[in-house]
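Structure, as structure tokens:
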């Protein structure tokens with residue numbers, strides 16, 4: 001819809017004005033989201049900021065607000081930001097989510113999404129990484145190294161990597177896996193005990209969650225793999241973010257923000273198809 005408006009109903013000048021207004025609006029929303037509002041506001045961002053590097057996996061946490069369940073590499077890479085005061089970290093983290101939103105659906109689409117899509121607003125409100133994951137997945141189909149962010153955080157959405165396998169794009173798959181292993185190897189050398197603790201935490205948490213959780217998760221991963229296979233067969237890359245959303249370990253409402261990666265890929269495909277006749 002936005003592309004049709006841009007191509008037809010709105011002149012380039014009007015579209016530029018709308019873009020400037022949208023950017024200003026997003027900046028205002030960012031400023032309003034930064035001050036502490038209590039409750040679950042910034043709960044996930046605060047976890048990334050304050051989880052103790054020496055012991056970020058204290059006990060069964062799956063499904064609990066504020067649980068740190070990502071790999072040691074993620075928290076290590078955040079070390080420079082974690083050294084900042086909380087207010088500064090939170091402001092930067094919120095801004096990063098809004099930039100990811102604008103990247104996925106353009107500033108105008110981002111302004112609409114943050115207003116009318118509750119799951120988008122909630123992802124930014126709690127400070128989770130679903131918008132960033134959507135951006136990483138979309139980028140990762142062109143620059144495979146971006147998949148390292150997916151594999152070293154939520155892990156199971158990495159089923160989207162099957163896109164390269166189904167299409168026999170082995171070089172891209174090797175880059176994605178290689179980049180992930182390289183980052184993991186450096187992280188392991190710095191703190192091997194944390195990696196053992198992470199694996200123990202994940203296996204312990206899945207055991208605590210029960211067989212029902214694991215059975216449902218495995219079914220969802222299998223379904224996600226089928227969606228990726230379909231996308232590869234019909235050359236529809238926008239199905240990959242949908243598959244990754246299906247495979248997310250715990251499907252919170254804000255997890256749906258990953259779906260905006262599909263919007264980005266649909267828009268990119270449309271622009272490419274329109275450019276081919278002109279070329």
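Just need a number here: residues in the range 160-186 that are within 30 Å of residue 54 (Cα to Cα) and buried (at least 21 other Cβ atoms within 10 Å of the Cβ).
Count: 2.
Quick one: would you say residue 12 is over 20 Å from residue 101 (Cβ atoms), out of contact with any strand residue (DSSP E or B) (no Cβ under 6 Å at 6 or more places or on another chain) and at pLDDT below 90?
Criteria met by residue 12.
Pick out, from the range 12-91, the helices (runs of 4 or more DSSP H) lying fully within it that include 3 or more residues that are in contact (Cβ under 8 Å) with a residue 40 or more places away in the chain.
Because the criterion is at least 3 residues that are in contact (Cβ under 8 Å) with a residue 40 or more places away in the chain, the helices (runs of 4 or more DSSP H) in the range 12-91 that meet it are 12-33, 43-50, 72-77.
Working carefully through the options 67, 79, 91, 73, find the one that is surrounded by 15 or more Cβ atoms within 10 Å (Cβ to Cβ), more than 22 Å from residue 256 (Cα to Cα) and out of contact with any helix residue (DSSP H, G or I) (no Cβ under 6 Å at 6 or more places or on another chain).
91
Here is a yes/no grid of residues against (1) within 16 Å of the chain's Cα centre (by Cα); (2) closer than 28 Å to residue 269 by Cα; (3) surrounded by fewer than 18 Cβ atoms within 10 Å (Cβ to Cβ):
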{"residue": "44", "(1), (2), (3)": "yes, no, no"}
{"residue": "84", "(1), (2), (3)": "no, no, yes"}
{"residue": "101", "(1), (2), (3)": "yes, yes, no"}
{"residue": "109", "(1), (2), (3)": "no, yes, no"}
{"residue": "138", "(1), (2), (3)": "yes, yes, no"}
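Only one of these conditions is not met by residue 193: (1) within 28 Å of residue 90 (Cα to Cα); (2) part of a helix (DSSP H, G or I). Which number is it?
Answer for residue 193: the failing condition is (1).
Can we say residue 177 is closer than 18 Å to residue 260 by Cα and in contact with a helix residue (DSSP H, G or I) (Cβ under 9 Å, 6 or more places away or on another chain)?
no
The values are calculated or read from the model by the stated rules, or taken from the named source; none is laboratory data. Everything numeric here is computed off the predicted structure, so don't read it as measured data. Glycine also receives a Cβ, built like all others from the backbone with ideal geometry; neighbour counts cover every protein chain displayed.
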